[in-house]
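Notes follow once the structure below has been shown.
Readers should treat all values here as calculations from the given coordinates under stated rules, not as data from a laboratory. Since this is a predicted model, take the numbers as computed values, not measurements. All Cβ positions, glycine included, derive from the backbone under ideal geometry; neighbour counts span all protein chains shown.
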Amino acid sequence: FIQDFSKAMSQAGPSQFQEVIRQELEYSMKVELDKILATAPSNELEHAKKDMEGFKKLFHRFLQEKGPSVDWGKIQRPPEDSIQPYEKIKARGLPDNIASVLNKLVVVKLNGGLGTSMGCKGPKSLIGVRNENTFLDLTVQQIEHLNKTYNTDVPLVLMNSFNTDEDTKKILQKYSHSRVKIYTFNQSRYPRINKETLLPIAKDVSYSGENTECWYPPGHGDIYASFYNSGLLDNLIGEGKEYIFVSNIDNLGATVDLYILNHLMNPPNGKRCEFVMEVTNKTRADVKGGTLTQYENKLRLVEIAQVPKAHVDEFKSVSKFKIFNTNNLWIALSAIKRLQEKNAIDMEIIVNPKTLDGGLNVIQLETAVGAAIKSFENSLGINVPRSRFLPVKTTSDLLLVMSNLYSLNAGSLTMSEKREFPTVPLVKLGSSFTKVQDYLRRFESIPDMLELDHLTVSGDVTFGKNVSLKGTVIIIANHGDRIDIPAGAVLENKIVSGNLRILDH
């Protein structure tokens with residue numbers, strides 16, 4: 001190889017040189033993956049092969065791509081009619097036969113994530129969010145309510161990852177008597193690669209014990225291939241299902257919307273959309289969210305990671321890019337099947353760098369489900385109310401959804417009518433609250449937050465029962481201090497700092 005290499009080098013220009021390096025990297029990767037596959041037990045071999053094939057394709061594309069994947073000069077504002085206001089879609093009303101429309105729908109929840117960012121072990125969907133109900137409980141309740149109300153059969157499909165599959169399946173037994181058919185399929189399991197050598201760090205296919213760090217689920221863009229490979233896509237088409245509604249399981253605002261579904265099934269111009277992305281107006285909190293643009297005559301999702309550095313501030317500006325992707329998506333099943341069979345779903349690669357516990361730098365190659373919008377025909381954005389985007393990523397978000405700002409009905413959270421204005425308060429809880437169990441220990445009961453605009457809490461702070469927070473409240477316990485907010489306290493536009501211990505006498 002060395003001789004061939006130096007010979008090629010002496011004759012090659014820079015681009016040929018890069019091509020030689022690329023081929024060498026691909027060859028080395030193939031050798032390593034074959035070694036890993038050779039360790040697979042016979043009952044896992046077929047599955048592992050599919051995963052490795054998918055990974056090879058992704059790796060090949062990763063080596064081909066150079067620099068940010070969008071040409072900033074080609075980005076245009078989407079045409080007026082390509083992003084419709086939700087009010088216009090709602091104004092069409094609903095047909096009498098809404099049940100027959102609902103029977104064509106499948107709800108898919110992205111359930112691959114762990115609760116690690118909130119200090120929990122196991123699937124994030126099993127964290128209690130409201131009155132002991134988990135994300136998964138609320139999802140099942142919502143769909144059960146739909147099926148009972150309209151006498152329909154809308155199934156729930158969970159896309160699990162190898163991290164969440166086992167725990168989720170154990171819990172599913174408790175819904176065996178509910179009026180919802182629940183299916184699961186697994187997203188792929190890809191090898192993490194060493195940032196320096198670009199080779200897998202795994203030596204065999206096992207993913208337990210010390211090997212757990214060697215593998216990762218490759219982002220929710222993997223849904224198209226995994227759903228198709230699982231056979232479930234074909235089964236659902238066979239049952240007469242036509243659309244999936246996909247969302248993150250931790251977005252409590254992502255409920256089935258009958259007006260959007262009707263718009264899909266009975267389009268006003270007679271031409272059906274294959275892909276609808278719900279977008280909503282940016283606030284200062286969402287400047288990093290992906291946005292819909294017009295690019296080479298197609299709607300295209302542009303994520304912050306794809307933006308050339310010189311244009312990042314422009315991308316974040318609320319005036320130029322007013323909307324962002326909620327990741328609530330409505331997609332035609334037949335279109336997924338068609339594109340998957342033609343290998344025609346094109347999604348930009350997201351390179352996600354990680355540092356493992358031992359200090360090793362690795363990269364994960366991922367894709368995002370919404371990025372495929374440009375591969376579908378007749379795509380549409382719908383600008384939905386902010387209430388359809390209620391993600392719970394941190395305990396600060398958890399405090400909001402547990403509070404009296406929201407009321408719970410049939411699994412759906414709605415903003416309380418007692419709140420005078422419909423915006424959500426800005427809540428920032430400090431690092432003492434990051435883990436769910438610490439957070440729960442620090443609140444004897446969740447404060448009344450109906451009149452709250454802004455809450456910042458930092459340091460060792462606890463809240464007694466029946467505390468009421470109004471306006472802007474800032475509570476800062478400096479290092480070594482502790483603040484106990486007494487039971488029944490009403491804090492309105494207050495800054496509390498220093499030491500405040502409430503002693504029982």
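Specify which residue in the list 163, 340, 263 is farthest towards the positive end of the charge dipole of the chain, using unit charges on the beta carbon of Lys, Arg (+1) and Asp, Glu (-1), about the Cα centre.
Towards the positive end, the residue furthest out is 263.
Based only on the alpha carbon positions, what is the Kirkwood hydrodynamic radius of the stretch 95-220, in angstrom?
Mean inverse Cα-Cα distance, inverted, gives 16.6 Å.
Give me the one-decimal Kirkwood hydrodynamic radius in Å for the stretch 72-388, with the sum taken over alpha-carbon pairs.
The Cα-based Kirkwood calculation yields 20.7 Å.
If each DSSP helix of 4+ residues adds -39,500 (n - 2.57) and the sum is divided by the residues in the chain, what number results at 222 nm, nearest 500 deg cm²/dmol?
Details: 14 runs with 142 residues, N = 505.
For the chain, the value works out to -8500 deg cm²/dmol.
Using DSSP to define loop residues, name the trypsin sites (Lys or Arg not before Pro) in the stretch 36-105 whose beta-carbon has at most 13 other beta-carbon atoms within 10 Å.
Details: sites: 49, 50, 56, 57, 61, 66, 74, 88, 90, 92, 104; in loops: 66, 92, 104.
Passing sites in the stretch 36-105 are 66, 92.
I'd like the antiparallel share, as a percent to the nearest 5, of DSSP beta bridges with both residues in the chain.
Bridges in the chain are about 45 percent antiparallel.
How about the stretch 189-272: which trypsin sites (Lys or Arg not before Pro) there lie in a loop by DSSP and see at most 11 other Cβ atoms within 10 Å?
Loop-located and lightly packed - 271.
Give me the lysines in straight-line cross-link reach of residue 393: C-alpha distance below 22 Å, same-chain residues under 8 apart excluded.
Candidates past the 8-residue exclusion: 109, 121, 124, 282, 288, 316, 354, 428, 435.
Tell me which of 117, 362, 306 sits at the most positive position along the dipole axis of the stretch 72-388, charges placed on C-beta atoms (Lys, Arg +1; Asp, Glu -1).
306
Given 4 °C and 1.567 mPa s, compute D for the stretch 395-497 with the Stokes-Einstein relation, Rh being the Kirkwood radius over Cα pairs; round to the nearest whole µm²/s.
93
Counting other Cβ atoms within 10 Å of each Cβ, which trypsin sites (Lys or Arg not before Pro) in the stretch 289-397 have at most 16 and sit in a DSSP loop?
Within the stretch 289-397, the qualifying trypsin sites (Lys or Arg not before Pro) (loop, at most 16 other Cβ atoms within 10 Å) are 320, 322, 342, 393.
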